[in-house]
Each structure stands twice: as C-alpha cells, then as structure tokens.
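To keep things clear, I will list the structure first and then write my remarks on it.
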Amino acid sequence: MSEATREAMEYDVVIVGAGPAGLSAAIRLKQLNADMEVVVLEKGSEVGAHILSGAVLDPSGLDRLIPDWKEKGAPLNVPVKEDNFYMLGEAGQIRIPNFVLPPLMNNHGNYIVSMGNVCRWMAEQAEGLGVEIFPGMACSELVYNDDGSLKGVVAGEFGKNADGSHGDAYEPGMELHGKYVFLSEGVRGSLSKEVIAKYNLDENCDVPKFGIGMKEIWEVDPAKHNEGEVTHTLGWPLGFKNGGGSFIYHLDNNQVYVGYIVDLNYKNPYLFPYMEFQRFKHHPKVAALLEGGKRVSYGARAVTKGGFQSIPEVAFPGGALLGCSAGLVNLPRIKGNHNAMHSGIEAAEAAFAAITDGRSSDTLDAYNESLKSGVVGQDLKTVRNVAPLNARFGPLGGMALGGFDMWFQTFFKASLFGTLKHGKNDAQSTESVYKHKPIDYPKPDGKLSFDRLTNVAFSFTNHEESQPAHLQLTDPDVPMMKNMGTYAEPAQRYCPAGVYEVVDEKFVINFQNCVHCKTCDIKDPSQNITWVTPQGGDGPNYPNM
C-alpha cells in the first residue's frame, strides 16, 4: 500500500461495482440480514453510467432475487415478440428458421432493456433496504491482512498530477474494510486481475477469451419500428473466417439498439473492428431500417466468451469474483446479466452463512461450488464448446457443430466433444503483417456510418487530463520498436475510441477518449498495455445503454 495516511471504515461486506452482480449481492445480503453492514462502491459518476449491454435480459436472476419486480416497477417494459436469425451476404440474407436453433436460443420470455436503467432501479431497491452506495468512488488499490487475505480497498483517491505526484488538491481517499470483499468490476477489472494473479485463481482453468462489443442507439422512423423485435446476424462483413456478429433490438419509443461483436482471437492485425461495425450498417437490410433515423448514443466494451472452462476459482481468502469479473457470459445466447445476478445471490448467501458462523477473511468455498454446479454452471456448461469450435472451424462450421452439440446435450445431457480447449489467448492469436494484406475500409458517410472521434462524443466520456494516464505501458519502446514493424501497431485499429495513434513515428495515447472497454489490455500482441482505474467519476456516461 502507498504511504498516504487514510481513515478506515468497517463493513461486513464491501462490494466493488454497482452492476447487476454487485447490486444483486447487496440486495440479497440485506434480505438475509437487515442489520448487515453492506457498501457498494461505483467508479461511474452515477449508477448505470458505465453499464453497456445488448441487452435482452433473461429475467431468471431477477425472478429469484425480487420475485415481485413487476409490482415494484422494474424497467422491463418490452417483452420479446419476434426472434430472427440471419446469415448475411454483402447484398442479401438468408433467414435461419427458429426450429433449427437449439431451444436455449429462444428469446421469448425475455425482455429488451436498458441495463443502465435496470441497475439504477436495482440501486433504489438496495438503498431502500439500507445498502450504502457511493458512486464516483473508484477503487484504486487493494488492502491485505498480515496473513495475505484480502482486507479491503482504497477508494476515492483524487488529485494526483500527471507524473503520479500529489497535487495541491490531493485527497488520499479512504480504506473500506470488510469481512469479505466482492469484486464485481465487469470484464478485465484491474483489481480482479490482481487477485487472480496473487492467488493463482486461473491455475486450473483454460485461458480467458473475449470479444469487443460496440453499440449505438438509434431513433428510427416509427413506420420501420417493430417494438419487441430481436434480430441477430452472422456473416458479412466479417465473413466466415473471423468470429463475430450483430444484434438489432427494437425497444420502445421508436428506439433501436444496433450492435456488433468481433471476437478478439482474429489473426489479421489489419482488421479494424470499429470499421467492421460501421460497414455492417450499410448492408441493405440494415440501411433500410436506419435511413432517415438518428444515432443518439455510442459505446463499447469487451465481452467475455471463454465460457465454463475459462471460469477461474471465484473464491479466495477474504473475497470473491462476481459476474463478468469471473467470465459468466453465455456466448451463443449473448447473455450474461442473468448469470451476473445469480452469482451475486450465490456469493451473498455464502458470505451470510460464513459471517453468521463467526467467520471472516477466509475462502468462501461454498460459493465456488454453488456457482459452478448450480444454475450458472448448468447454463454455461451446455454451450462450453461453441467458442472453441468457432475458433477451429470458423463461424459457419462452428455454428453447425456447435448447434449439433447443443442439441445433443439437450437430449442426452452430455457432449460427444467432451470439453474442448481454447488454445491461445487473444493476444497470442494475432499474426504478423507479413501473413496478411491491409484491408481497405470505405470512408464513413456521416449518415449511417461515423468516424471514431465523432462517435466517441456520443459516449459522453470524460477524463480529468491532469491525472496520470490510466493506460500504462510496461515498456514504452515496444509500440514502435516491436509492434509497429511486426503488427503495424494494431492498437491504432483495435481500440474503438481512437485512444492510440502513431504520429510522426511516435506512439500517442489519448487517454481522455477511453470508454473503458479494456480491449487494449486484452488484444495487445505484446501484452504491454495495462488498464487501471482512473479517478472516480471519469469515463463514459451512458444514458440508457
């Protein structure tokens, strides 16, 4: 820990991150014991400010947590009414009949939602139960007990100069200690990375895998709007050598979520995920929907896709990993919020039992077991081979074999493939420029497609520029001395916010553009970039994502 003198506050459970996992844990703890002291720390300027998700919500987690959520006014107002899946070519499409798809892919009974609004509502429920929630409080450091167990976090440190020294308005923040600390930071959180490494939590699991998800909210012509329609696509423009696909969800008020996910195991360093997304919107079917409409918001974030075999140990001395910090997204369903809620409930019940028994700062083995053998594990185990099959055989072959595997498990509760391995991590998948050709992307037209910096303005991201850069290079020479020659410095392309540039043969980091997607921390082929949390309140301010 740094030498700053800090005050400390004591709680039963400290929760980092006010997403669906952290808020579910907080609510469940107070349901079990109204006198339990629970605090939730959120780095966004408000609850929901950093929440970005598709999102079609499977309500199973919410049903379990708050069975009367409808009566309490949860913002689940748009049930799925139409479910489509298309294979796209450049000029046309083929619809895949719903009966061909495994039953778990059916979206009827689910809801098109703004997860930001869902989390804001969940925060209201939590505060009504007595949970303390502090937005704008980034957790920059972990605090450990003498025996090595996790004791708490440092939150609310402000006022550092760009060189890391303390400015005139420096505030050291405070330590928040808990009998248990839950990390629900989302994908590739900096504190979660630290505990995974410290306690070797990934020693017995496969490598993590990720995609980059980009999303825009559009207001469209009411004549083209079809509230409750859900559409997913594969194929163009990525083709069938690179994994990924799109989602188009019609919510209420003539708004449509338009998004694109690119698997980060792509080989060609010239591939430009953001431009693939922009090009996608010029497909005739998509363009017909969006023409005459207006884009009102943009955002991006990494998506976990490793599945069951990539889940690390989720309990460690003094704490637990929840939600996307543990990698609980169901890839073919493109859903993880329900599993995030279930994980929060499971962790809360394990912590409640431990504290009731007089325990603290030990390992919640019951949570690790219940997560992997319970509803979350069952949800993920059925689809565990989809990502490895996609990587081996491409999206088309992977879809066929993965679909067969999911259907087989539906009837026989076992897989003929066993459990397949992922192999390389996403950084290692990047190949040299000498094996690939540059890709010529059409220039955005400013109507359907937009340049990155214009779109970043619609994420409403903001960072205090006098603070230290939260994107840190292990070796500042690597970008130009290694990555430029071998990979044409792919950070210029894989970042969906235009953070990284090469200007006059110098590597430039425009950290103020960052939307906290963490792609650089994942995809940099030299693993030379580390994302750490900036000061509280900084980053995107998503309205209804």
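Test each condition in (1) assigned to a loop (DSSP other than H, G, I, E, B); (2) more than 24 Å from G116 (Cα to Cα); (3) over 20 Å from the mean Cα position of the chain (by Cα); (4) at pLDDT 95 or above for N226 and report the one that comes out false.
Only one criterion in (1) assigned to a loop (DSSP other than H, G, I, E, B); (2) more than 24 Å from G116 (Cα to Cα); (3) over 20 Å from the mean Cα position of the chain (by Cα); (4) at pLDDT 95 or above is unmet by N226, namely (2).
What residue, among those in the range 86-105 that are of a type outside the set (G, A, S), in contact (Cβ under 8 Å) with a residue 12 or more places away in the chain and exposed (fewer than 11 other Cβ atoms within 10 Å of the Cβ), is nearest to P284 (Cα to Cα)? Break it down into steps so the answer makes sense when it comes.
Restricting attention to the range 86-105, the residues satisfying the condition of being of a type outside the set (G, A, S) are 86-88, 90, 93-105.
Applying the additional criterion that residues be in contact (Cβ under 8 Å) with a residue 12 or more places away in the chain yields 86-88, 90, 93, 98, 100-105.
The next check asks that each one be exposed (fewer than 11 other Cβ atoms within 10 Å of the Cβ); those that pass are 100, 103.
Values: V100: 25, P103: 29 Å.
Here the residue is V100.
Step by step: first the residues of the range 492-530, then only those that are surrounded by fewer than 24 Cβ atoms within 10 Å (Cβ to Cβ) and small (G, A, S), then the one that is farthest from the chain's Cα centre (by Cα). Which residue is that?
Only one residue tops the list, namely S526.
Please determine, by comparing only the residues of the range 204-227 that are free of Cβ contacts under 8 Å to residues at least 40 places away in the same chain and open to solvent by 60 Å² or more (accessible area, probe 1.4 Å), which one is nearest to H516 (Cα to Cα).
Step one: filter the range 204-227 for residues free of Cβ contacts under 8 Å to residues at least 40 places away in the same chain, giving 222-223, 225.
Those left that are additionally open to solvent by 60 Å² or more (accessible area, probe 1.4 Å): 222-223.
On the way: P222: 33, A223: 36 Å.
Step by step, filter the range 204-227, then rank; the result is P222.
Considering each residue of the range 516-545, count those that are in contact (Cβ under 8 Å) with a residue 60 or more places away in the chain and part of a loop (DSSP other than H, G, I, E, B), and give that number. Give the derivation first.
The initial filter retains those residues of the range 516-545 that are in contact (Cβ under 8 Å) with a residue 60 or more places away in the chain, namely 516-519, 521-527, 530-545.
Cutting the leftovers down to part of a loop (DSSP other than H, G, I, E, B) gives us 516-518, 524-527, 532-538, 540-545.
Of the residues in that region, 20 qualify.
From the list S53, S24, S45, pick out the single residue that is open to solvent by less than 20 Å² (accessible area, probe 1.4 Å) and of a type in the set (S, T, N, Q).
Working: S53 fails: open to solvent by less than 20 Å² (accessible area, probe 1.4 Å); S45 fails: open to solvent by less than 20 Å² (accessible area, probe 1.4 Å).
Just one listed residue meets the conditions, S24.
Would you be able to tell me the number of residues in the range 54-85 that are touching a residue at least 60 places away in the same chain (Cβ under 8 Å), assigned to a loop (DSSP other than H, G, I, E, B) and among the charged types (D, E, K, R)?
Quick first cut of the range 54-85, residues touching a residue at least 60 places away in the same chain (Cβ under 8 Å) only: 54-62, 64-65, 77-85.
Next cut, assigned to a loop (DSSP other than H, G, I, E, B) only: 54-55, 58-59, 77, 80-81.
Remaining after also requiring among the charged types (D, E, K, R): 58, 81.
Residues that pass the stated criteria total 2.
Give me the pairs, please: first residue somewhere in the range 148-173 and within 28 Å of Y199 (Cα to Cα) and modelled with pLDDT of 90 or more, second residue anywhere and open to solvent by 40 Å² or more (accessible area, probe 1.4 Å) and hydroxyl-bearing (S, T, Y), beta-carbon distance under 7 Å, and either six or more positions apart or on two chains.
Hits for this filter: L150/Y144; K151/Y144; V154/S140; E157/S140; P172/T5.
For A34, state whether it is part of a strand (DSSP E or B), modelled with pLDDT of 95 or more and more than 27 Å from the chain's Cα centre (by Cα). Break it down stepwise before answering.
Values: part of a strand (DSSP E or B): no; modelled with pLDDT of 95 or more: yes; more than 27 Å from the chain's Cα centre (by Cα): yes.
The answer is no for A34.
For the range 351-358, check the following and say yes or no: at least one residue is in a loop (DSSP other than H, G, I, E, B), within 29 Å of G213 (Cα to Cα) and of a type outside the set (S, T, Y).
To start, the set of residues in the range 351-358 that are in a loop (DSSP other than H, G, I, E, B) comprises 357-358.
In the following step, the residues that additionally are within 29 Å of G213 (Cα to Cα) were identified as none.
Within the range 351-358 (the criterion being in a loop (DSSP other than H, G, I, E, B), within 29 Å of G213 (Cα to Cα) and of a type outside the set (S, T, Y)), the answer is no, since none of the residues qualifies.
Can you tell me which residues in the range 445-457 are open to solvent by 40 Å² or more (accessible area, probe 1.4 Å) and closer than 22 Å to W236 by Cα?
Of everything in the range 445-457, those that are open to solvent by 40 Å² or more (accessible area, probe 1.4 Å) and closer than 22 Å to W236 by Cα turn out to be D445, G446, K447, D451, R452.
Is at least one residue of the range 6-15 within 21 Å of D63 (Cβ to Cβ) and at pLDDT 95 or above? Reasoning before the result, please.
Filtering the range 6-15 down to residues within 21 Å of D63 (Cβ to Cβ) leaves none.
No.
Of all residues in the range 384-399 being in contact with a Phe, Trp or Tyr (Cβ under 8 Å, 6 or more places away or on another chain) and of a type in the set (A, V, I, L, M), which is least open to solvent (accessible area, probe 1.4 Å)?
Once the filter is applied, the top-ranked residue is L389.
Look through A491, A497 and report the one residue that is more than 28 Å from G116 (Cα to Cα) and touching a Lys or Arg at 6+ places or on another chain (Cβ under 9 Å).
Of A491, A497, the one residue that is more than 28 Å from G116 (Cα to Cα) and touching a Lys or Arg at 6+ places or on another chain (Cβ under 9 Å) is A491.
One line per residue, one yes/no per condition, for (1) at positive phi; (2) over 21 Å from the mean Cα position of the chain (by Cα):
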| residue | (1), (2) |
| --- | --- |
| T233 | no, no |
| N265 | no, no |
| E276 | no, no |
| V286 | no, yes |
| G292 | yes, yes |
| T304 | no, no |
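Could you list, ordered by first residue, the pairs with Cβ atoms under 8 Å in which the first is in the range 365-390 and modelled with pLDDT of 95 or more and the second is hydroxyl-bearing (S, T, Y), at least 6 apart or interchain?
Qualifying pairs under 8 Å: L371/S343; V375/S60; V376/S343; T382/T410; R384/S415; R384/T419; N385/S415; N385/T419.
Output the qualifying pairs, or none if there are none: Cβ atoms under 7 angstrom, residues six or more apart or on different chains, first residue in the range 119-135 and more than 17 Å from L62 (Cα to Cα), second residue part of a helix (DSSP H, G or I) and not β-branched (V, I, T).
What qualifies is G130/K30; V131/A26; V131/K30; I133/A123; I133/A126; I133/E127.
Just for the range 422-438: of the residues that are assigned to a loop (DSSP other than H, G, I, E, B) and surrounded by 15 or more Cβ atoms within 10 Å (Cβ to Cβ), which one is farthest from the chain's Cα centre (by Cα)? Walk me through it before giving the result.
Our first condition is that a residue be assigned to a loop (DSSP other than H, G, I, E, B); within the range 422-438, this holds for 422-432, 436-438.
Going one step further and asking which of them are surrounded by 15 or more Cβ atoms within 10 Å (Cβ to Cβ), we end up with 422, 425-427, 429-431, 436.
Values: H422: 19, N425: 17, D426: 16, A427: 18, S429: 20, T430: 21, E431: 25, H436: 29 Å.
Within the range 422-438, the match that is farthest from the chain's Cα centre (by Cα) is H436.
Restricting to the range 268-278, name every residue that is part of a helix (DSSP H, G or I) and farther than 14 Å from F247 by Cα.
Let us first name the residues in the range 268-278 that are part of a helix (DSSP H, G or I), namely 273-278.
Once the filter is applied, which keeps residues that are part of a helix (DSSP H, G or I) and farther than 14 Å from F247 by Cα, the range 268-278 yields P273, Y274, M275.
For residues that are part of a loop (DSSP other than H, G, I, E, B) and among the basic types (K, R), tally how many sit in the range 376-398.
Looking only at the range 376-398, we keep the residues that are part of a loop (DSSP other than H, G, I, E, B), and these are 382-385.
Going one step further and asking which of them are among the basic types (K, R), we end up with 384.
Residues in the range 376-398 being part of a loop (DSSP other than H, G, I, E, B) and among the basic types (K, R): 1 in total.
Return the residues of the range 279-314 that are closer than 28 Å to G189 by Cβ and either assigned to a loop (DSSP other than H, G, I, E, B) or modelled with pLDDT under 95 (or both); say none if nothing qualifies.
Once the filter is applied, which keeps residues that are closer than 28 Å to G189 by Cβ and either assigned to a loop (DSSP other than H, G, I, E, B) or modelled with pLDDT under 95 (or both), the range 279-314 yields K305, G306, G307, I311, P312, E313, V314.
Considering the range 263-290 alone, what residues qualify as being open to solvent by 10 Å² or more (accessible area, probe 1.4 Å) and among the charged types (D, E, K, R)?
Matches in the range 263-290: D263, K267, R279, K285.
Within the range 460-467, is there a residue that is closer than 30 Å to D221 by Cβ and not aliphatic (A, V, I, L, M)?
Quick first cut of the range 460-467, residues closer than 30 Å to D221 by Cβ only: 460-461.
Among the residues that remain, those that are also not aliphatic (A, V, I, L, M) are: 460-461.
Yes, the range 460-467 contains at least one residue that is closer than 30 Å to D221 by Cβ and not aliphatic (A, V, I, L, M).
The values are calculated or read from the model by the stated rules, or taken from the named source; none is laboratory data. Every value quoted in this text rests on a predicted model; they were computed, and no experiment measured them. Note that each Cβ is placed from the backbone with ideal geometry, even for glycine, and that neighbours are counted across all protein chains shown. In case anyone asks, the SASA skips ligands and DNA or RNA and just uses the protein heavy atoms, side chains included. Shrake-Rupley method; radii C 1.70, N 1.55, O 1.52, S 1.80 Å.
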